[in-house]
2 protein chains.
Amino acid sequence: MGMGRPREFDAETALDQAMEVFWRHGYEGATIAQLTEAMGINPPSLYACFGNKEGLLKAALDRYTKLRNIWMDEVVAAPTARAVAERMLMGIADKQTDPANPPGCLLVQGGIACGTGSENVPFELAARRAQNEDQLRDRFVRAKAEGDLKESADPAALARYVSAVSVGMGVMASSGADREALRQVARVAVQAVEAQSSDRPQ
Amino acid sequence: MGMGRPREFDAETALDQAMEVFWRHGYEGATIAQLTEAMGINPPSLYACFGNKEGLLKAALDRYTKLRNIWMDEVVAAPTARAVAERMLMGIADKQTDPANPPGCLLVQGGIACGTGSENVPFELAARRAQNEDQLRDRFVRAKAEGDLKESADPAALARYVSAVSVGMGVMASSGADREALRQVARVAVQAVEAQSSDRPQ
DNA sequence: CCAGATATGTAGTGTTCACTACAGATGTGG
DNA sequence: CCACATCTGTAGTGAACACTACATATCTGG
C-alpha cells in the first residue's frame, strides 16, 4: 500500500496566509474563496488538510499562539513586575502596529461576537487570551513572593488588568491608532503596576 | 393627499430589540431573520423604516450612544480626574455585566473586523468610541488647568488610556468575566490616573 | 365615499456562502 | 507495470443570506 500523492503546498506557509485573512476580516468575515486564494490552493486541499473553516482557524491560532508564547517567555523574564508590564505593553504597541501584519491582534480581530453556528469561536479566542493572562499572573505571584510587589498587591487582578489593556490596545490599533498613540497608552498603564510595586530597591 | 397607513410598531422599541441582537451576535453575525423576529416585524417594514441592515445598525448605534452620552455627562461631572476615571471604569464594570443587556459593549461587540462589503462598520463603531474619548480628554484638559492633574500629565494620553481600558473590559465581559473581575481591573486602572494626579488636596 | 399615500404579510428573488463529488494526476509498495 | 492511496482542479451542491414585488390593508384629505 503506497503513501499517495504528496501535498504540493507547505502547510505552515499556507497557514500564515490564512492567519492574515482571519486577522484582517475576522472569522465570519473571511470567506473560503479569500482564504484559498491567499493560501494558493483550492478548496478540496483546504478541507483535506484542515477539516473545515473552524479547523483552519484553530490551526492558524495554534501557529499564532506558538509564536506569541515564545515572545511571552521573554516578557516574563524581565526582572520586575513593572519591567514585565512595560516590556509587554510597549512590545504590544509595536507588534500591533507592525506593517508586516494586519493591525491589532488575531486573538481579538478573529471574532469577539459571532453568529449562530460559530458561537464557540469567541470562546476559542478567549481561552487563548486566558493562557497569557495565566502566565502573567504566575509571574506576578512570584514578584509578590520576591517582595517586588507590595503585600497589598493582587497578582491575579494585575494580570487581568495588563491583559485587558492589551486587548484594548488591539482594538485601538485595528481602528487606526498609530504606534505612538499605543505607546502613550502603554506608558500610562505601566504606572498602575508601578503603584503596586514595592518601594525598596530592585 | 392622505398620510397613508400608520406604522403599527414603535420604532424605538423595535430598535431596542435590534440593538440587543447586534450586541449579542455582532453586525455580520446578526441575520435579518433574527432581527425581524426580535423586533416583531416583517422584512418590508424593516427596510421601509431603516433602509437596509447597515441603516438599522446606525439607528441602533444612535440610540445606544444617546443613552450612553447621558451617562457620560454624569461621569465627567465628577470633581477630579481620578474620580472621573473611577466613576467611569467602575460604572462600566457594572454596565457591562448587567444581566438586562448582553455582556460587553455594543460599540465593541458590534464588529471589530468585518468582511468585504461591511468594511465601514468598524469605522462607524470606532468613530463613536472616539466621541467618548474626546469628552474624556476635554475633561482631563480642564483637570490639568485646575491643577488637579500634574504639570507632566498628558490629558490626551490619559483619555486614550481610560478608553482603551474600557474597551478591554468590554471584551473580557463578553467572554465571560464576572462583575468582580471587571471591578478589579477598574480599581487597578484608576491607580495610573492617580499617579498623574497632583498631590495637593482636592 | 373616494383618491392618494403609506404600511403590512406572503412569498419569493438572485447571490453568496461553506462544503463536496468526481475524474485525473502523482506518489509508494510489490 | 500494477494495485492502492492520497492529492489536485473543475465544477458544482443545497442552504442561508440580504433584500424586494406585489397584493392587500389602513389611514388622511376632500
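The values are calculated or read from the model by the stated rules, or taken from the named source; none is laboratory data. Bear in mind that the values here come from a model prediction, so they are computed numbers and not experimental data. Glycine also receives a Cβ, built like all others from the backbone with ideal geometry; neighbour counts cover every protein chain displayed. These accessible areas exclude ligands, DNA and RNA; they are computed on the full protein's heavy atoms, side chains included. Shrake-Rupley method; radii C 1.70, N 1.55, O 1.52, S 1.80 Å.
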Return one number: the angle in degrees, 0 to 90 and rounded to the nearest 10, between the long axis of the Cα atoms of helix A:155-174 and the longest principal axis of the Cα atoms of chain A.
-> 50 degrees
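Can you bin the protein assembly as shown into rounded, prolate or oblate? Criterion: square roots of the alpha carbon gyration tensor eigenvalues sorted a ≥ b ≥ c, rounded for a/c under 1.5, prolate for a/b above b/c, oblate for the rest.
On the way: a/c = 2.21, a/b = 1.12, b/c = 1.98.
Cα axes put the protein assembly as shown in the oblate bin.
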Choose one answer from B:T65, B:T31, B:T97: the residue with the largest mean-square fluctuation in a GNM of chain B with alpha-carbon springs under 10 Å.
-> B:T31
State the Cα centre-to-centre distance between segment B:166-202 and segment B:75-121 in whole Å.
-> 12 Å
Accessible area, 1.4 Å probe, largest first: how do B:F123, A:F140 sort?
-> B:F123, A:F140
Can you list the HN-Hα couplings for segment A:126-136, worked out from phi with the Karplus curve (6.51, -1.76, 1.60; θ = phi - 60°), rounded to whole Hz and with x for Gly and Pro?
-> 4, 4, 6, 5, 5, 4, 5, 4, 4, 5, 5
Under 5 Å from the placed amide H of B:S197, counting only residues 5+ away or on other chains, we find B:K150
Order by accessible surface, 1.4 Å probe, largest leading, for residues A:R63, A:R183 comes to A:R183, A:R63
Using θ = phi - 60° and the Karplus form 6.51 cos²θ - 1.76 cosθ + 1.60, what ³J(HN,Hα) does each residue of segment A:70-82 get, whole Hz, x for Gly and Pro?
-> 4, 5, 4, 4, 5, 4, 6, 7, 4, x, 10, 4, 4
From phi via Karplus (6.51, -1.76, 1.60), per-residue ³J(HN,Hα) for segment A:137-151 in Hz, x at Gly/Pro = 4, 4, 5, 6, 4, 4, 4, 5, 4, 7, x, 6, 9, 4, 4
B:C114 accessible area, 1.4 Å probe, all protein chains in place, Å² to nearest 10 = 10 Å²
Once the Cβ-Cβ distance between A:F9 and B:R5 is put in as r, and R0 is 60 Å, what FRET efficiency do you end up with, to the nearest 0.05?
-> 0.50
Ranking B:G176, B:A81, A:M90 by how far each Cα lies towards the positive end of the charge dipole of the protein assembly as shown (+1 on Lys and Arg Cβ, -1 on Asp and Glu Cβ), the top one is B:A81
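Which value in deg cm²/dmol, rounded to the nearest 500, describes the helix-derived mean residue ellipticity at 222 nm for the protein assembly as shown, given -39,500 (n - 2.57) per DSSP H run of n ≥ 4 and division by the residue count?
Working: 18 runs with 282 residues, N = 404.
Helix contribution divided over all residues of the protein assembly as shown: -23000 deg cm²/dmol.
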R0 = 22 Å: FRET efficiency of A:D98 with A:T31, Cβ-based, nearest 0.05?
-> 0.30
Just add up the charged neighbours of B:N120: K/R +1, D/E -1, any other residue whose Cβ is under 12 Å from the Cβ of B:N120.
-> -2
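For segment A:65-195, how big is the tail of P(r) above 17 Å, as a whole percent of Cα pairs? Could the numbers behind the result be given before it?
Values: 4902 of 8515 pairs.
Here the long-distance tail beyond 17 Å is 58 percent of all Cα pairs in segment A:65-195.
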Using a label position 7 Å from Cα in the Cα→Cβ direction, what is the ascending list of nm distances from B:S152 to the same site in the other copies?
-> 2.1
Computed accessible area, A:Y47, all protein chains, 1.4 angstrom probe, square angstrom | 100 Å²
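In what sequence, largest accessible area first, do A:E146, A:E8 appear using a 1.4 Å probe?
Numbers: A:E146 100, A:E8 150 Å².
Descending order: A:E8, A:E146.
Once you've got the Cα coordinates, tell me which of B:K95/B:K144; A:K144/B:K144; A:K53/B:K53; A:K58/B:K58 are over 30 Å apart. Each step should come with its number before you reach the end.
Values: B:K95/B:K144 28 Å; A:K144/B:K144 34 Å; A:K53/B:K53 25 Å; A:K58/B:K58 33 Å.
Among B:K95/B:K144; A:K144/B:K144; A:K53/B:K53; A:K58/B:K58, the Cα-Cα distance tops 30 Å for A:K144/B:K144; A:K58/B:K58.
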